[in-house]
Amino acid sequence: MAVALPKAAEPRIDRLDRIWEERPGVMGWLTTVDHKRIGIMFLFTALAFFVAGGVEALLIRTQLLQPNGTVLGPNGFNEAMTMHGVTMIFLFVVPISIGAFGNYLVPLMIGARDMAFPRLNALSYWIFLAAGIFFYVGVFTGNAPTAGWFDYVPLAETTYSPGPGVDFYALGLIFTGVSSTATAINLIVTMFKLRAPGMSINRMPLFCFAFLAVSFALVFALPALTCALMFLEFDRLLGFHFYDVAAGGDTILWQNLFWIFGHPEVYIIILPAFGIATSIIPTFVRRKMVAFPLVALAEILVAFIGFGVWAHHMFAVGLSQVTNVYFAAASLIIVIPSGIQLFAWITTIMTGTPRFKTPLLWIIGFITLFIIGGLSGITVAAIPFDQQVTDTYYVVAHFHYVIFGAAVFPILGGLYYWFPKVTGRMYYERWGQASFWLSFIGMNLTFFPMHIVGLLGMPRRQWTYPGDLGWTGYNVIESVGAYLLAAGLLMVFVNLAVSCFRGEHVGNDPFGGDTLEWATTSPPPPYNYAVIPKVTSSYPMWDREDRREDLVNLAQGRKVLEQGHETPASTTVDAEWDEILEMPSSSPWPPVLAIAISGIFAMVLLKQWIAAAVFVVAVLVVLAAWHGKEPQEA
Amino acid sequence: MEATATGSAARVARQRRAMPSGWWGMVLLIATEFTLFASLIASYFYLRFQNTPWPPAGIDDPSVTLPLVFTGMLVATCIPMFAAVRSVRAGQRWLAWAFVALALVVQATYLGLQIWLFVGDMNSFSPSATAYGSIYFALLGTHHAHVAVGLALDAWLLGALAFGLTNYRMIALRVIALYWYFVAFVAILVVLTQIYPTL
């Protein structure tokens, strides 16, 4: 939208600028509650962990480049393998999707001025940062966990994993769980309460539906993990016997609890990618999504069915045949909502007029990889086949197609797509396309041969392999692919980093996007919208009349809310104007509280119970101070 | 729109058509905490079905009377919490304060008595000897921790209400009451699980 601001609007915008102004410099970032700044902090922190996880992956591939490799050794391999999984899942994909994309974009897309709980939002970020540091303190003090990201008992019990490695893992995961739960609750309430008046629930963008589904999945999935980890730490620190068969405990209890969390987690990883895909596709094919309501329902169904399939991770454990068959059937049902979305994306692209710009290329790459990963998923849902390939590289191939190819490709496409919104500048298109092709080829070279080498019997999670089994050639291809992939990813980041400073200045809406975030300036002001936007459909940016009316409203001072730090709240389903909320402004307490909570975790790790209790008291004191300043609602 | 006086806070609440954000936040927190208790109770029965006899030889069946009586006490505090919400919506700040204070006294007594029982159990069987002991103490301990959090919330609320009634504190009272309804409901599930071997 060309921003020809009416003259009468200028004093109003000045007033909003003053009301919403944040502190300058480092203190501004430390005390910020602005969802966009928090989103950017999430982004950079998660990308730093992506680099760490990537280095671990390259170490693994270098070790496996040739038979009898000596780069890592058995313990180093186990550390790299465990930290690669933990880092990529808990410190990269989840925080970058809900923390960075969700935080930055959901309030913009629904026409709100901030999240429902801005200070809690800041706390989520600081806890995530603290938890990430907590993990890597373990790594750099030589106490990395070695029992895998799945951390099966009894391997993870003190008998077989002495030393604090697994404690760093278990406490660190409970710690990140606090952050993810807070973000999830915040996103749900934001979407329920703060949609711009007129955006009834059926007009909410599909991106938001995906994030709503993810958030609900987090709320209900994480407690099972927390429970499993509590039991593990009780066993390890206090000598309890949850997982000790000799004392009446049970090792499969861990696997059940872990995968009750773990399978929904897979959809928590991939659903944001679905949301990003459904944002990018309509913009670049110039048409509305096919089967909008079905896709919205499918996104929610994926999250819901994800809770009923966990034992397909345990087909080789020896559960009863009836149980296995039930879970195999349930797993196949996932095909239905996934198929609805796949066909909707493909049909939208085929019936539109596609412009094959960088973001759309990543999405087409995603669709391709998701189809391959989905098809291999159907094969492993077949119990006898799964029992053959379990613990082989076939499974590694399957889940990397899904949670790397299908989940991370749209995230990278999304980085390109929203880059002009966040920075006001355009990335380099040619280099963007080249980075896609390099990553796509690298991805397939790395992971496709794993299907074959898996079928040939190469076991996963092993630090090396002998040279006379015919696996060497495939492993060489995989390792070369991994380096190509790393080069492709590096190209993405160099492109974006250079574009930050040198990219061409573009307007607010360079792609002709369909959702509201393109209506505001690039980058958006702290209050997002000078006037609360009018919404009458699911594609508000394509409703030119409404956007013109916004300008008239701004000139006449309607729906500007220039009296304070304010945003409107709407009714939950129909989004009728309900009340005006006074939102909290910057606060020093979220980072302080995160430090106090870190103290609890650190002291529990060190078994300093009295010191841990002191930190609990500190948390209470900080919370009391936090609530010393009351907005009208928070 | 800032509501600071007692009357205006009540007016804002009456005009609002949807539930406030704080209410939604608490509902979702309860959803996630309830799932945690569901996982704990499911684990209890999972372990129970791996073990016969339950409790293992050498451990007495759990006593029934005292835990049930104490739970009844805790559940009863839902009444003053509910009354406090009603009073505050009518703008009667000090009446609400008194109801919360009454609830706090009973809830704190409950926690004290439960800790006394907990320590007594610890002296008769250990959490680090059998899986039964492990899940028994983990389940009860998690529940008691939730009661302790509720006490801290009550204490903060009493302090805040003493300085006046704002819209923010009014929502706080509503959601803290909601938290206690949840804790009371979980208390029933936990006590039934606890005494199940004797039933």
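The values are calculated or read from the model by the stated rules, or taken from the named source; none is laboratory data. In this text, all values refer to a predicted model and were calculated from it rather than measured experimentally. Here Cβ is always computed from backbone atoms with ideal geometry, including for glycine, and neighbour counts include all displayed protein chains.
Among the listed residues A:297, A:271, which satisfies the condition of being within 25 Å of residue B:25 (Cα to Cα), surrounded by fewer than 19 Cβ atoms within 10 Å (Cβ to Cβ), more than 10 Å from chain B (Cβ to nearest Cβ) and modelled with pLDDT of 95 or more?
Of A:297, A:271, the one residue that is within 25 Å of residue B:25 (Cα to Cα), surrounded by fewer than 19 Cβ atoms within 10 Å (Cβ to Cβ), more than 10 Å from chain B (Cβ to nearest Cβ) and modelled with pLDDT of 95 or more is A:297.
What number of residues within region A:548-580 satisfy the criterion of being surrounded by 17 or more Cβ atoms within 10 Å (Cβ to Cβ) and among the basic types (Lys, Arg)?
Residues in region A:548-580 being surrounded by 17 or more Cβ atoms within 10 Å (Cβ to Cβ) and among the basic types (Lys, Arg): 1 in total.
Of the conditions (1) surrounded by 14 or more Cβ atoms within 10 Å (Cβ to Cβ); (2) closer than 29 Å to residue A:414 by Cβ, residue A:63 fails just one. Which one is it?
The failed condition is (2).
Going by the conditions given, is residue A:221 touching a Phe, Trp or Tyr at 6+ places or on another chain (Cβ under 6 Å), of a type outside the set (Lys, Arg), away from every other protein chain (no Cβ under 12 Å) and assigned to a helix (DSSP H, G or I)?
No: the conditions fail for residue A:221.
Would you list the helices (runs of 4 or more DSSP H) that sit entirely within region B:21-125 and hold 3 or more residues that are within 30 Å of residue A:191 (Cα to Cα)?
In region B:21-125, the matching helices (runs of 4 or more DSSP H) lie at B:21-48, B:78-89.
Filter region B:136-178 down to residues that are touching a Pro at 6+ places or on another chain (Cβ under 8 Å) and facing chain A (nearest Cβ under 10 Å), then give me how many there are.
4
Conditions first: (1) more than 23 Å from residue A:37 (Cα to Cα); (2) under 19 Å from the mean Cα position of the chain (by Cα); (3) outside any helix (DSSP H, G or I). Residue A:153 passes all but one, so which condition is the exception?
All conditions pass for residue A:153, except number (2).
When both residues are 6+ apart or on different chains and their Cβ atoms are under 8 Å apart, which pairs have a first residue that lies in region B:105-124 and is among the hydrophobic types (A, V, I, L, M, F, W, C), and a second that is not in a helix (DSSP H, G or I)?
B:106/B:77
Can we say residue B:80 is surrounded by 15 or more Cβ atoms within 10 Å (Cβ to Cβ), without any contact (Cβ under 8 Å) to a residue 40 or more places away in the chain and within 14 Å of chain A (Cβ to nearest Cβ)?
No.
Could you please find all residues in region A:391-444 being of a type in the set (Ser, Thr, Tyr) and more than 20 Å from residue A:510 (Cβ to Cβ)?
Answer for region A:391-444, where residues must be of a type in the set (Ser, Thr, Tyr) and more than 20 Å from residue A:510 (Cβ to Cβ): A:392, A:393, A:394, A:401, A:439.
Quick one: is residue A:571 within 22 Å of residue A:191 (Cα to Cα) and more than 13 Å from every other protein chain (Cβ to nearest Cβ)?
Answer is no for this residue.
Taking region A:160-186, which residues are under 30 Å from residue A:582 (Cα atoms) and more than 10 Å from chain B (Cβ to nearest Cβ)?
A:176, A:178, A:179, A:180, A:183
Please pick out the residue among A:583, A:603, A:541 that is touching a residue at least 12 places away in the same chain (Cβ under 8 Å), within 13 Å of chain B (Cβ to nearest Cβ) and buried (at least 18 other Cβ atoms within 10 Å of the Cβ).
Just one listed residue meets the conditions, A:583.
With over 20 Å from the mean Cα position of the chain (by Cα) and either buried (at least 18 other Cβ atoms within 10 Å of the Cβ) or not in a loop (DSSP other than H, G, I, E, B) (or both) as the only criterion, which of A:477, A:411, A:403 stands out?
Testing whether each residue is over 20 Å from the mean Cα position of the chain (by Cα) and either buried (at least 18 other Cβ atoms within 10 Å of the Cβ) or not in a loop (DSSP other than H, G, I, E, B) (or both) leaves just A:477.
Is it fair to say residue A:316 is in contact with a Ser or Thr (Cβ under 8 Å, 6 or more places away or on another chain), surrounded by fewer than 18 Cβ atoms within 10 Å (Cβ to Cβ) and aliphatic (A, V, I, L, M)?
Here the answer is yes, as residue A:316 does meet what is asked.
Tell me whether region A:610-618 contains one or more residues that are hydrophobic (A, V, I, L, M, F, W, C) and crowded, with 19+ Cβ neighbours inside 10 Å.
Within region A:610-618, one or more residues are hydrophobic (A, V, I, L, M, F, W, C) and crowded, with 19+ Cβ neighbours inside 10 Å.
Please go through region B:126-140 and pick out each residue that is aliphatic (A, V, I, L, M) and either in a helix (DSSP H, G or I) or touching an Asp or Glu at 6+ places or on another chain (Cβ under 7 Å) (or both).
B:131, B:135, B:138, B:139, B:140
Could you tell me whether residue B:133 is within 11 Å of chain A (Cβ to nearest Cβ) and at positive phi?
Taking the combined requirement at face value, the residue does not satisfy it.
Within region A:231-255, work out how many residues are in a helix (DSSP H, G or I), crowded, with 24+ Cβ neighbours inside 10 Å and within 11 Å of chain B (Cβ to nearest Cβ).
Matching residues across region A:231-255 total 3.
For the condition modelled with pLDDT of 95 or more, under 14 Å from the mean Cα position of the chain (by Cα) and surrounded by 18 or more Cβ atoms within 10 Å (Cβ to Cβ), what is the one hit in B:114, B:194?
B:114
Let's see how each residue does on (1) under 25 Å from residue A:79 (Cβ atoms); (2) aromatic (Phe, Trp, Tyr); (3) part of a loop (DSSP other than H, G, I, E, B):
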residue: A:113; (1), (2), (3): no, no, yes
residue: A:119; (1), (2), (3): no, no, no
residue: A:133; (1), (2), (3): yes, no, no
residue: A:146; (1), (2), (3): yes, no, yes
residue: A:149; (1), (2), (3): yes, yes, yes
residue: A:177; (1), (2), (3): yes, no, no
residue: A:185; (1), (2), (3): no, no, no
residue: A:227; (1), (2), (3): no, no, no
